[in-house]
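Asks: One structure coming up, written as structure tokens, with questions to follow.
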Amino acid sequence: MPVVASVLDLIGNTPVVDVSHLSPNPRVRILAKLESQNPAGSVKDRIAMSMVEAAEADGTLQPGATLLEPSSGNTGIALAMICRLRGYHLKIVLPQNVTAERRQMLEAYGAEIIPSPAEEGSNGAVRLAQKLADEHPDWVFLYQYGNEANPTAHLTGTGPEILRDVPEITHFVAGLGTSGTLMGVGAYMAEHAPHVKMYAVEPPSGEHVEGLRSLDDGYVPPVFEKWGGIDALHGKRIVRPADSIVWTRRLVNEAGIFAGISSGAAMAGAAKLAERLEEGVIVFIVCDGGWKYLSTGAYTEDLETVIDSIEDVIYF
Amino acid sequence: MSNTVNVRIPTVLRPMAGGNSSVELTGATVGDVVGELVGVYPGLKENLVDEAGAVRKFVNVYLNDEDIRFLEKLETAVTDGDEVAILPAVAGG
């Protein structure tokens, strides 16, 4: 491998590992794309770099600028790494019910944390950041949920990498957060491999974590609506905490992939899909490693205890 | 044909559903079941469906954890023992 000048040069070009021995259907292969291999540890390195570069290119970001972003963790951590290297100040609106490791990583990279109420979850962090952005027009608000550079990073990076490495792909499975991964990869596949079907998994966070006052507090990211939304997907299912943990453990125990809990959810979604297919090749996204979830006991504690405790934590 | 399904009510809507976290209802489709739900608890109606009778944008309805927008929407058939879950759309990232 060539020597690179900066860790930022290591973003993307992530490896794919065959985990077909975990597939419930011998005629369906399942492949894991390890976004956990990005330098700040998650798939969000791609969109953070893409958003910062776009804002630098159009002049929104000037040297020494202050950025503001709502994030349940990974986007914030990725931005923090980049901002530290590029000399920007970063403020992350972070729900209080994320793991201690997420908070510590933000601090390690020098970001300032603005806490948002645990009971309002990610939607509450978005609301607070929007309010702060209105009050501080001098802060640069990249707003991952509405930033074109988010899905574009997957249209120009993740999507082409997958088709290059797995030309036989038939199905793609990823978590639905900002929807950037699914919308961007989906747009690429629609152009270059239109037979590939796109599947979203999501946690049932609304039930436990999100203290919404009404369903009107629900939130659909602008990126999702602008990039095709429901029409760009072929299916979407909830993966409950128990299944997420069971598959997170199978990934580490049977494939040596030490992944985060939402990656277990994506694997659970891939396995469910595999059961229903005649044959196929599913690629799913391991969006981060397990490091930031050790404190939840997800990997070793009694299963029932873990399921109870992660229902109060945002892990997507 | 009518089947009995379990409907999970999200925390945010429980005050409008007699405090219940789940209710047993009958119907042949998800739409029947939702119709019966808002019949029993009229306060839920405007939260769940719009004037045209479609599921509102910020609401996701799942049959056995599958989003019904990718099935036959409210026309999706239900069978005995199925589970219908109603959840608000949430952000992530």
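Asks: Determine whether the stretch A:110-120 contains at least one residue that is within 14 Å of chain B (Cβ to nearest Cβ) and under 15 Å from the mean Cα position of the chain (by Cα).
Replies: No, the stretch A:110-120 contains no residue that is within 14 Å of chain B (Cβ to nearest Cβ) and under 15 Å from the mean Cα position of the chain (by Cα).
Asks: Here is a follow-up. Which of (1) of a type outside the set (D, E, K, R); (2) within 11 Å of the chain's Cα centre (by Cα); (3) open to solvent by 70 Å² or more (accessible area, probe 1.4 Å) is the odd one out, the single condition B:V40 does not satisfy?
Replies: Result: B:V40 fails condition (2) only.
Asks: Still on this structure: Out of curiosity, is A:D9 farther than 30 Å from A:W247 by Cβ and either without any contact (Cβ under 8 Å) to a residue 40 or more places away in the chain or assigned to a helix (DSSP H, G or I) (or both)?
Replies: Taking the combined requirement at face value, the residue satisfies it.
Asks: While we're looking at this one, here's another question. Considering only residues that are more than 15 Å from A:I77 (Cα to Cα) and in contact (Cβ under 8 Å) with a residue 60 or more places away in the chain, which ones fall in the stretch A:131-142?
Replies: A:L132, A:A133, A:H136, A:D138, A:W139, A:V140, A:F141
Asks: I would also like to ask the following. Away from chain A (no Cβ under 12 Å), surrounded by 15 or more Cβ atoms within 10 Å (Cβ to Cβ) and of a type in the set (V, I, T), is that true of B:V90?
Replies: Taking the combined requirement at face value, the residue does not satisfy it.
Residue-wise test of (1) closer than 17 Å to A:R240 by Cα; (2) away from every other protein chain (no Cβ under 14 Å); (3) not in a loop (DSSP other than H, G, I, E, B).
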residue	(1), (2), (3)
A:L273	yes, no, yes
A:E278	no, yes, no
A:I285	no, no, yes
A:V306	yes, yes, yes
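Asks: Restricting the stretch A:221-237 to residues that are more than 9 Å from chain B (Cβ to nearest Cβ) and in a helix (DSSP H, G or I), which is most open to solvent (accessible area, probe 1.4 Å)?
Replies: A:D231
Asks: Still on this structure, please answer the following. Kindly state which strands (runs of 3 or more DSSP E) lie completely within the stretch A:61-175 and contain at least 1 residues that are farther than 23 Å from A:S244 by Cβ and open to solvent by less than 30 Å² (accessible area, probe 1.4 Å).
Replies: Correct list: A:66-70, A:89-95, A:112-116.
Asks: Keeping to the stretch B:1-23, report how many residues are surrounded by 16 or more Cβ atoms within 10 Å (Cβ to Cβ) and in contact with a strand residue (DSSP E or B) (Cβ under 9 Å, 6 or more places away or on another chain).
Replies: Residues flagged as surrounded by 16 or more Cβ atoms within 10 Å (Cβ to Cβ) and in contact with a strand residue (DSSP E or B) (Cβ under 9 Å, 6 or more places away or on another chain) within the stretch B:1-23 amount to 10.
Asks: Cβ-Cβ below 9 Å, separation at least six or inter-chain, first residue in the stretch B:52-67 and more than 7 Å from every other protein chain (Cβ to nearest Cβ) and at positive phi, second open to solvent by 30 Å² or more (accessible area, probe 1.4 Å) and part of a strand (DSSP E or B): which pairs?
Replies: Pairs found: B:N64/A:R237; B:N64/B:E83.
Asks: Among the residues of the stretch A:32-60 satisfying the criterion of being open to solvent by 20 Å² or more (accessible area, probe 1.4 Å), over 12 Å from the mean Cα position of the chain (by Cα) and of a type outside the set (A, V, I, L, M), which is farthest from the other protein chains (Cβ to nearest Cβ)?
Replies: Checking each candidate, the answer is A:G59.
The values are calculated or read from the model by the stated rules, or taken from the named source; none is laboratory data. Worth saying up front: this structure is predicted, and the values here are computed from it rather than measured. Positions of Cβ are generated from backbone atoms using ideal geometry, with glycine treated the same way; all protein chains shown enter the neighbour counts. Keep in mind that these areas ignore ligands, DNA and RNA; they rest on the heavy atoms of the full protein, side chains included. Shrake-Rupley method; radii C 1.70, N 1.55, O 1.52, S 1.80 Å.
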